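Mind having a look at this structure? Questions to follow.
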There are 2 protein chains.
Amino acid sequence: MSKEIPNKMEKLLFFLPLIIPLLSVAATCRHPLDPLSSSEFEIIRSLITNSNPSTNITFQYVALADPTKQSVLSWLANPKTRPPPRRATATIRFNKATHEILIDLEKKTMISNRVYSGTGYAPFTFEEQFAAAALPASHPPFVAAMKKRGLKLEEVVCACFSVGWFGEKRKVEQRIVKVQCYYLDGSVNLYMRPVEGVTVTVDLDEMKIIGFRDRYVVPIPKAGGTEYRESMLKPPFLPPLNGMKMVQPDGPSFQINGHSVSWANWNFHVSLDERAGPIISLASIYDIQKQKRRQVMYRGFISELFVPYMDLNEEWYYRTFFDAGEYGFGQCAVPLQPLRDCPENAVFMDTYMAAGDGRPMKMSNTFCIFERHGGDIMWRHTEGTIPNTLIRETRAEISLVVRMVAAVGNYDYIVDWEFKQSGSIIANVGLTGLLEVRASKYTHKDQIKEEVYGPLLAENTIGVRHDHFLTYHLDLDIDGDANSFLKSNLRTIRSQDPDYPRRSYWTVVTETAKTEADARIKFGFQQDELVVVNPNQRTRMGNPVGYRLIPKSTTSPLLSADDYPQIRGAFSNYNVWVTPYNRSEKWASGLYTDQSHGDDTLATWSLRDREIEDKDIVMWYTMGFHHVPCQEDFPLMPTLSSGFELRPTNFFESNPVLKVTPPHIVNLTNFSQTSNHN
Amino acid sequence: MSKEIPNKMEKLLFFLPLIIPLLSVAATCRHPLDPLSSSEFEIIRSLITNSNPSTNITFQYVALADPTKQSVLSWLANPKTRPPPRRATATIRFNKATHEILIDLEKKTMISNRVYSGTGYAPFTFEEQFAAAALPASHPPFVAAMKKRGLKLEEVVCACFSVGWFGEKRKVEQRIVKVQCYYLDGSVNLYMRPVEGVTVTVDLDEMKIIGFRDRYVVPIPKAGGTEYRESMLKPPFLPPLNGMKMVQPDGPSFQINGHSVSWANWNFHVSLDERAGPIISLASIYDIQKQKRRQVMYRGFISELFVPYMDLNEEWYYRTFFDAGEYGFGQCAVPLQPLRDCPENAVFMDTYMAAGDGRPMKMSNTFCIFERHGGDIMWRHTEGTIPNTLIRETRAEISLVVRMVAAVGNYDYIVDWEFKQSGSIIANVGLTGLLEVRASKYTHKDQIKEEVYGPLLAENTIGVRHDHFLTYHLDLDIDGDANSFLKSNLRTIRSQDPDYPRRSYWTVVTETAKTEADARIKFGFQQDELVVVNPNQRTRMGNPVGYRLIPKSTTSPLLSADDYPQIRGAFSNYNVWVTPYNRSEKWASGLYTDQSHGDDTLATWSLRDREIEDKDIVMWYTMGFHHVPCQEDFPLMPTLSSGFELRPTNFFESNPVLKVTPPHIVNLTNFSQTSNHN
């Protein structure tokens, strides 16, 4: 689900504000896709604040402005040449207007500053969410509502929820959020203790309350049983397992240079975007057969996370969150804890982001990178067929994982990108953290005779049904950017010849998608292999080189296509879309998602039905979860994961890991074990 | 795919024949589900051979006869009591008759000996496959055929293929196999070098050739590029990664007592069956909240692996293998190599099987058991919402894996059962090894204008399209054996009330399957949650306790339902079936699969449409792979995996791993690394 309650403590703990003299800026010898540095954030902030002496600027989204793909690739071909001009884009809000500002970071000049007046707004800042969430405490009707419920005001904490759009014809000129509150009083698990029935509406620009509803009173679920802190939990505990540790005496096998990572046959670049979270760029693999490095993916990232709840109550119907476009999925990244969030052999990477006032904030351990040796087998064969010969060959699987975790309010998303020496790229997302529950009068299932939109998880606690749709932007450039999308349909053929003993078989009927309409795939209805190929590069045998998508989830939306949240989330109507590469088409929910009307989404772009054959194309894959909560998810849910694999398919002339060399053997002499916990 | 070429060397290397005096038998103080011991195999062999002084008995399938579930459970409730009578079943062949023999292992008597005269035959033995595969070399027409091709006879090796059934009305009274041959001559990768066009037909009982066809000559694919042995491969190699090792100073956290395994909150029993491979029994989990051990799965195993090829040529149409029923999937188990097939911290388990002459053979390292610590996160949450409080809680995932590998001829199947402290049981299968390819005149895709049933992988090498369907027998007994199967359909509801801002939501409409027909599920058409519950056990909140099936693959068959292989493999027509527990319904393809007519399959049993509500039920899940080979699969394929999860769903009152204790910390002092490879 999707919201963020900002909090000064959190930022103090996560971020160290930096003041850096402008002079110290050196934009040279950096990778053109590196995220903005603290000094670059300072340049942006200074230019904007100096040109607008208003004190009321909020920096809603600050990011590197993508250099053109051609300029990046030509720089990459010869890194000694001058990198493409380094620019930043800032979406700011002041005087109730949204400004899109483009900045030249080298010349330290503002290239353009245009006011955006279309529908929708940029992501919230932590600060404005924090300020809005703090308003109810001094709002007399709210105070009275808490008093009426016998609640201690100081134990009430609130959260900001995006309001969505429900068919209003004209643009709402106010940036509005709804504030919902929770009760601590003996629990830190606020999400399990909603103060149901009370809704506060806030104008973010005015930063004042513009609406208040106290619709009904239901009991607040009890604090007991909601604790999840190790230090506070009471026995019985599961017994501890014996210690395990992954040791790498020579250290990891990867090198990190700035944000560029090289490991085994892979090179790629890792960056953080406030909205997308991790961005993997320029993933290329060294082909030992061809003795050359080959392009696989120009860029891959999570473009949107659409999380609609299935509760029509007044306090719930609008909860149809867009975690990237409304809350800034990358902004919700949390520092990873060594030994807990990542194993012993992980290496960590820090990042910077802009605070609401534009100042750079450093976050430590945003990413961890580690080699996974989980006991899987890369390939094997035992051959007992040949007289006087026994062959047993096995290679153990070791892969590389890049991880980020975003805590979007109650939900924690574990985002992994995994690289295999075989050429596969695996994206995996783990959902954990805390459910969003509705307080209810019910204490037993048998009392429930009406639709309550979810199962009873604990006394007075309804786990509201919801979805998670993660839409990945996958800009594969297989051996270059002129690619095509093949739908290989597995089709049953009746054998016509009566003399054939067999009556049927299946074959593959491959169709090249000519236009976007050909490439819209909804899973579950037929069995296809979906392959992005380079039609101009063929193997020695004449097969087009490619990568295929192997999904683990085939979930699609269940909301009516004409329902407003689904119109805004129409990019989830298909599991797969293919579009021609367009630098401006990054955000499946549109550039301005908060209060959007769904008129700038992947689904609307795709209506142009552009040509996609032998072009620079982008594949969009939506992975979905229909989440029917269960009691195991209370008070905190065990990780639920899904993902997909991008697997080379006639990309290599033959098995690329046939000639993998097993890792060096590690001999350990004495080691000790303490009984402390990590 | 599916065949086994037996070989004396292999057995000498894998197995140590044992002669054990009958007196040494001690059937006491063993688990009633333990697999047959070497002395028990000896009892069986002696009783049968002594009563039939024929020298020509072949032991096709020897197994523990399942004690009744009730007798096992009552023994388990009080292991001091006398265990259920220990019996064995042997399916033997002599004088062209199939005998089913039931033996009392304690009394050392033959309880019954009945002749089976229905259709179908028991699995092949290694010895008869080996003998049949050796026949062509002394068959003049075959010798001539090799000579005509200019092949050295001593470089030709052959394999036995089951012939299937293609509509003959009456039972074929001969046990027939087809023998196909391959050419080594500079390669050990025989499967990449088929001698195409030549088919030899053998009567296994007579052990003589009854048919020979030399239909056409095509080039044999070249030996070059087919090598996969580390010792023989030539540079360039992928660079070795730095050494990694999982250390557990206090050893693993599990205990193995005979075949019983206990780890963390799990207890279960591991056994080997010649046909099924690994059998997991009596999986139960300790519930720390209820402070008691709870039943989850009485038994889980792979009942059948159906592997039909999609090539209608005379030499190929019949290749529709049943790896369990025809070849004995468990019989094809291979010894696992430490550090390669299983990680450093694995513990291995040996097993015994019966040779074709009934003598016990020991196989070392049939199973490995290890704790997986792959860097995943069991659960986490970062809470930054509460003033002056920052909460960061994460628990790392450590799970337990039980692994067996079966090399069924060219294909290697990696079978994992994984147990999580959260209560999840995850079954995973990895496919690797060698493809079955067809030799062809073609050397480039552009030459191909006809249907060749697969892509060109290398010169003269067609990777024939095929499927793998793995059908699991999952006898869940959730808190006892009276269970029901719930289909929870996720259904879109249009909101009727025009005042509602939302136009739709989805809800869950749960239907209890009354009879088998209600429980046949084909994936892909609607979105269901499939849950096995105990309708008599409810949580405090009133939810029925259960486990749900989370599949990773939703593949279903593409052969016509009326095609003969699909009639025999009709158990794959649905992804999920539920049947009432019946001790005789273990083998989805029937007890006698070789040459079966499909009249004794899960699909035919299920036609009775028995009641399954509040009964002891078995869930059957079929996981499928449609395999379109690609050049990466040549000359040996990187592992392709899929699987499913059985996840507790309102089984526990709340998150069962909330109170997991992190493992002890491991402190390592000096260690060294040698540069040898493992």
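How large is the Kirkwood hydrodynamic radius of segment B:229-358, counting all unique pairs of alpha carbons, in Å?
19.0 Å
In addition: I'd like to know which of B:Gln174, A:Trp165, A:Ile377 lies farthest towards the positive end of the charge dipole of the protein assembly as shown, counting +1 on Cβ of Lys and Arg and -1 on Cβ of Asp and Glu.
A:Ile377
Based only on the alpha carbon positions, what is the Kirkwood hydrodynamic radius of segment B:165-243, in angstrom?
For segment B:165-243, the Kirkwood estimate is 16.2 Å.
Of B:Thr49, B:Pro85, B:Leu36, which is farthest towards the positive pole of segment B:18-116's charge dipole, taken about the Cα centre with +1 and -1 on the beta-carbons of Lys, Arg and Asp, Glu respectively?
B:Pro85
Something else about it: At 222 nm, what helix-only mean residue ellipticity would chain A give, in deg cm²/dmol to the nearest 500, using -39500 (n - 2.57) for each DSSP H run of four or more?
The per-residue figure over chain A is -2500 deg cm²/dmol.
Sticking with this one: Kindly report the accessible area of the protein assembly as shown per residue (heavy atoms of protein chains, probe 1.4 Å, no ligands, DNA or RNA), in Å².
32 Å²
Counting pairs of alpha carbon atoms under 8 Å apart in space and at least six apart in sequence, what relative contact order in percent does chain A give?
14 percent
What three numbers, in Å, describe the spread of the alpha carbons of segment B:126-214 along their principal axes, ordered from the longest?
So the extents along the principal axes, rounded to whole Å, are 44, 24, 24.
Let me ask something else about it. Test of understanding: given chain B, find the longest segment containing no chymotrypsin sites (Phe, Trp or Tyr not before Pro) that are in a DSSP loop and have at most 13 other Cβ atoms within 10 Å.
B:238-524
Still on this structure, I have one more. In whole angstrom, how far apart do the alpha carbon centroids of segment A:333-373 and segment A:204-222 sit?
35 Å
What does the copy distance list look like for A:Pro235, label position 7 Å along Cα→Cβ, in nm and ordered from shortest?
6.2
Need one number for segment A:259-649: average projected area of the convex hull over its C-alpha atoms, nm².
Averaged projected hull area, Cα only: 26.8 nm².
Also: Rounded to two decimal places and with Rh computed the Kirkwood way over Cα pairs, what is Rg over Rh for segment A:606-660?
Values: Rg = 19.8 Å, Rh = 16.6 Å.
In segment A:606-660, Rg relative to Rh is 1.19.
Consider a paramagnetic label point 7 Å from the Cα of B:Asn536 along Cα→Cβ; state which residues of segment B:576-614 have an amide N under 11 Å from it.
The answer is B:614.
In Å, what Kirkwood hydrodynamic radius results for chain A from the alpha-carbon pair distances?
Evaluated over chain A, this radius sits at 27.1 Å.
Rounded, prolate or oblate: which fits segment A:264-336, taking a ≥ b ≥ c as square roots of the Cα gyration tensor eigenvalues, rounded meaning a/c under 1.5, else prolate when a/b beats b/c?
It is prolate, given that a/c is not under 1.5 and a/b is the larger ratio.
Right, next: Quantify how strongly other chains surround peptide B:230-241 by giving the mean number of their Cβ atoms within 10 Å of each of its Cβ atoms.
6
Please identify which residues in segment A:264-301 have an amide N closer than 18 Å to a label point set 7 Å out from the Cα of A:Ala77, following the Cα→Cβ vector.
Residues A:282-285, A:292-298 qualify, since their backbone N sits under 18 Å from the label point.
Could you work out the per residue convex hull volume over the alpha carbons of segment B:26-178, in cubic angstrom? Write down the numbers at each step before the final one.
On the way: hull volume 25.7 nm³, N = 153.
Residue-normalised Cα hull volume stands at 168 Å³.
Continuing with this model, one more query. According to a simple spin-label model (label point 7 Å from Cα along Cα-to-Cβ), what is the distance in nm between B:Tyr500 and B:Tyr116?
It is 5.6 nm.
Now, a different point. Run the label-point distances for B:Tyr116 please: 7 Å along Cα to Cβ, every other copy, nanometres, shortest first.
7.0
Calculate, for A:Asp350 and A:Met232, the FRET efficiency according to 1/(1 + (r/R0)^6) with r their C-beta to C-beta distance and R0 45 Å; round to the nearest 0.05. Please report the intermediate quantities before stating the final value.
Numbers: r = 30 Å, r/R0 = 0.67.
So, using R0 = 45 Å, E works out to roughly 0.90.
I've got another one for you. Please list the radius of gyration and Dmax for the protein assembly as shown, considering alpha-carbon atoms only, with Å as the unit.
32.0, 107
Same structure, new question: Name the shape class, rounded, prolate or oblate, that the alpha-carbon gyration tensor gives for segment B:310-405, where a ≥ b ≥ c are the square roots of its eigenvalues, rounded holds for a/c under 1.5, and otherwise prolate holds if a/b is larger than b/c and oblate otherwise.
Oblate, since a/c reaches 1.5 and b/c is not below a/b.
State to the nearest 20 debye the size of the charge dipole of chain A about its Cα centre, where the only charges are +1 on K and R beta carbons and -1 on D and E beta carbons.
So the dipole magnitude of chain A works out to roughly 580 debye.
Here's a follow-up. Return the equivalent ellipsoid semi-axes of segment A:91-239 as a descending list in whole Å, where each equals the square root of 5 times an eigenvalue of the C-alpha gyration tensor.
Listed largest to smallest, the semi-axes of segment A:91-239 are 37, 22, 13 Å.
Can you tell which of A:Cys368, A:Leu76, A:Asn95 lies farthest toward the positive end of the dipole of chain A, using +1 and -1 charges on the Cβ of basic and acidic side chains (Lys, Arg; Asp, Glu)?
Value: A:Leu76.
In addition: Using a 7 Å offset from Cα along the direction of the beta-carbon, what are the separations from A:Lys148 to the same position in each other copy, nm, ascending?
Inter-copy label distances (nm, one decimal, shortest first): 9.6.
Suppose the Debye formula is applied to equal point scatterers at every Cα of segment A:18-116; what is log10 I(q)/I(0) at q = 0.19, 0.24 Å⁻¹?
-0.91, -1.28
Rounded to the nearest 0.05, what FRET efficiency is calculated for B:Thr661 and A:Lys441 with R0 set to 35 Å and r the Cβ-Cβ distance?
Efficiency, from the Cβ-Cβ distance: 0.45.
Quick one: if you stick a label point 7 Å off each Cα along the C-beta vector at B:Glu459 and A:Gln526, how many nm between them?
The modelled label-to-label distance comes out at 3.7 nm.
Normalised by the number of residues in segment A:259-649, what is the relative contact order in percent for Cα pairs under 8 Å and 6+ residues apart?
Working: 947 pairs, mean separation 67.8, N = 391.
Averaging sequence separation for qualifying contacts and normalising by length gives 17 percent for segment A:259-649.
Please report Rg over Rh for segment A:460-562, where both radii come from the alpha carbon positions and Rh follows the Kirkwood definition. Intermediate values should be presented prior to the final figure.
Details: Rg = 19.0 Å, Rh = 17.1 Å.
Checking Rg against Rh, the ratio lands at 1.11.
In addition: How high is the FRET efficiency between B:Glu155 and A:Glu127 when r is their beta carbon distance and R₀ equals 60 Å, given to the nearest 0.05?
Given R0 = 60 Å and the Cβ-Cβ separation, E is 0.20.
Right, here's the next one. Using the membrane-span-like helix rule (whole DSSP H runs, Cα extent along the own axis of at least 18 Å, mean Kyte-Doolittle hydropathy at least 0.0), which helices of chain A qualify? Before the final figure, lay out each step's value.
On the way: long enough: A:38-51 (20 Å, 0.09).
Span-like helices, by this rule, are A:38-51.
Could you quickly flag the chain B residue whose beta carbon comes closest to the rotation axis taking B to A, and that distance in whole angstrom?
B:Gly374, 1
Chain pair B, A: how much accessible area is buried, both chains summed, with a 1.4 Å probe, in Å² to 100?
Details: alone 30600 and 30630 Å², together 43010 Å².
Buried area (both sides, nearest 100 Å²): 18200 Å².
Follow-up. Assuming a ≥ b ≥ c are the square roots of the Cα gyration tensor eigenvalues, decide whether segment A:543-654 counts as rounded (a/c under 1.5), prolate (otherwise, with a/b larger than b/c) or oblate. Let's see the in-between values first.
Working: a/c = 2.56, a/b = 1.18, b/c = 2.17.
Oblate is the answer for segment A:543-654, as a/c is 1.5 or above yet b/c matches or exceeds a/b.
What percentage of the solvent-accessible surface of the protein assembly as shown, computed with a 1.4 Å probe over protein heavy atoms, is contributed by carbon and sulfur atoms?
53 percent
The values are calculated or read from the model by the stated rules, or taken from the named source; none is laboratory data. Keep in mind the model is a prediction, meaning the values are calculated, not measured. Neighbour counts are summed over all protein chains in view; Cβ atoms, including those assigned to glycine, are modelled from backbone coordinates with ideal geometry. The protein model used for the area step is the full one, side chains on, heavy atoms only, and it has no ligands, DNA or RNA in it. Shrake-Rupley method; radii C 1.70, N 1.55, O 1.52, S 1.80 Å.
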